[in-house]
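Heads up, the thing below is written out as structure tokens.
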Amino acid sequence: MNSESKIDKSRLPKHIAVIMDGNGRWAKQHGKPRVFGHKNGVKAVRAVSEASAEVGIEYLTLYAFSTENWNRPKLEVNALMALLVDTLRKEITTLNKNNIRLNAIGDLSRLPAKSHRALLEAIEGTSENSRMTLTLALNYSARWDIIEATKKIARKIKEGSLEESHIDEVLFSSFLSTSGMPDPELMIRTSGEQRISNYLLWQMAYTEFCFTDTYWPDFSKEHFYQAIVDYQSRERRFGKTSDQITT
Ligand code: IPE
Ligand code: IPE
Ligand code: MG
């Protein structure tokens, strides 16, 4: 049976975060260079974005490039940046057709000028869409995100426009790059790795994690639906007892 039909539409996560991992190993498995894996990963991005919008997810956030990924061989980094430009240009039409708004988080100013420009154009070109927000985490690091928020708060205090006693979780969240988005209820990581790799550390304090061995280029709509079904079978207790949740 198709897993989509097992999804309870009344209890959907609002925000799903994904760590798209395993492109390199997928390519190796096929006897090809790593870049071939990244190129094939684009199909999975399309499938998951479409599935998300169709099922009714409001926010989908994909980890596309971490700050640590600059340490990869120059050839691979350049290929990833070129692929980004190419994909953004090609996908604008599909995003508009599916009424998806593009957004990006991370230190975007450090991206190559061409990639930065293509990104801003795609964000601008989809800004009127309202069905789902697709956020790409690019040159993203959660510790960077938290430090940036802290600096902004410190500046406000120094200027006298904010009082220390007003700092709470809600205020702090509003200074993060994900301001205005709900925290992800579900995080999916492909390729068998079970770590966070500097992704959304603050935002994932109570997120459910779903790890799958599937490499990202093989990740399909069906895998995505299965992850949502798995998520819906869990009991989120937020520190309480099971009895408190169910009665
Ligand atoms: C994920 O696949 C894509 C990026 C990090 C850009 P990897 O490139 O990390 O693939 P593996 O982990 O080496 O297989
Ligand atoms: C995490 O994947 C970053 C992205 C998916 C963009 P990595 O493959 O870079 O993570 P590590 O190095 O294995 O933790
Ligand atoms: Mg990896």
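Values in this text are rule-based calculations from the coordinates and carry no lab data. From a predicted model like this one, the values you see are computed outputs, not experimental measurements. All Cβ positions, glycine included, derive from the backbone under ideal geometry; neighbour counts span all protein chains shown.
Report, in order of residue number, the helices in the chain meeting two criteria: a C-alpha extent of 27 Å or more along the helix axis, and a mean Kyte-Doolittle hydropathy of at least -1.0; treat each whole DSSP H run as one helix.
34-55, 74-97
If a/c stays under 1.5 just call it rounded; otherwise compare a/b with b/c (prolate if a/b is bigger, oblate if not). Do that for the stretch 182-246, with a ≥ b ≥ c from the square roots of the Cα gyration tensor eigenvalues.
It comes out oblate by the Cα gyration axes.
Evaluate the relative contact order of the chain (contact order divided by residue number), counting alpha-carbon pairs under 8 angstrom at least 6 apart; express in whole percent.
30 percent
Of LYS114/LYS221; LYS9/LYS90; LYS39/LYS114, which pairs sit farther than 24 Å apart, going by alpha carbon to alpha carbon?
Correct reply: LYS114/LYS221; LYS9/LYS90.
Just to be sure I understand: with springs between alpha-carbon atoms less than 10 Å apart, which residue in LEU84, LEU95, LEU111 has the highest mean-square fluctuation in the Gaussian network model of the chain?
Fluctuation is largest for LEU111.
Just SER233, SER141, SER127 to compare: in a GNM of the chain, with alpha carbon springs under 10 Å, which one fluctuates most?
SER233
Where the only charges are on Cβ atoms (+1 Lys, Arg; -1 Asp, Glu), what is the dipole of the chain about its Cα centre, to the nearest 20 debye?
In debye, rounded to 20, the chain gives about 820.
Taking a quarter of the surface of the convex hull around the Cα atoms of the chain, what do you get in nm²?
Its Cα hull, projected and averaged over all orientations, spans 15.7 nm².
So if a site counts as exposed when it's one of the chymotrypsin sites (Phe, Trp or Tyr not before Pro), its DSSP state isn't H, G, I, E or B, and it has at most 14 other Cβ atoms within 10 Å, what's the longest stretch of the chain without one?
1-205
Can you give the helix-only mean residue ellipticity at 222 nm for the chain, where every DSSP H stretch with n ≥ 4 adds -39500 (n - 2.57) and the sum goes over all residues, rounded to the nearest 500 deg cm²/dmol? Let's see the in-between values first.
Details: 8 runs with 107 residues, N = 247.
The helix contribution divided over the chain gives -14000 deg cm²/dmol.
Per the Debye formula with a single identical scatterer at each Cα and no solvent contribution, what log10 I(q)/I(0) holds for the stretch 1-131 at q = 0.15, 0.22 Å⁻¹?
So the normalised log intensities are -0.81, -1.45.
Using a Gaussian network model of the chain with C-alpha springs under 10 Å, which one of LYS14, LYS74, LYS221 is most mobile by mean-square fluctuation?
Of the options given, LYS74 has the highest mean-square fluctuation.
Taking the inverse of the average 1/r across all pairs of different Cα atoms in the stretch 30-83, what Kirkwood radius in Å do you get? Mind dumping the intermediate values first?
Values: mean 1/r = 0.0779 Å⁻¹.
Kirkwood radius, the stretch 30-83: 12.8 Å.
Averaged over every viewing direction, what's the projected area of the C-alpha convex hull for the stretch 84-180? Give it in nm², one decimal, please. Walk me through the intermediate numbers first.
Values: hull surface 29.0 nm².
With the hull built on Cα positions only, its mean projection is 7.3 nm².
Using the Cα centre as the reference, give the magnitude of the dipole from point charges on the C-beta atoms of the stretch 42-164 (Lys, Arg: +1; Asp, Glu: -1; all else neutral), rounded to the nearest 20 debye.
360 debye
Scan the chain and report its longest stretch carrying no GluC sites (Glu not before Pro) that are both in a DSSP loop and have at most 11 other Cβ atoms within 10 Å.
1-127
Using the Cα centre of the stretch 3-96 as origin and beta-carbon charges of +1 (Lys, Arg) and -1 (Asp, Glu), tell me which of ALA64, HIS30, VAL77 is placed farthest towards the positive end of the dipole.
Working it through, the farthest residue towards the positive pole turns out to be HIS30.
Let me know the charge dipole size of the stretch 141-198 about its Cα centre in debye, to the nearest 20, where only the beta-carbon of Lys, Arg (+1) and Asp, Glu (-1) is charged.
Roughly 320 debye for the stretch 141-198.
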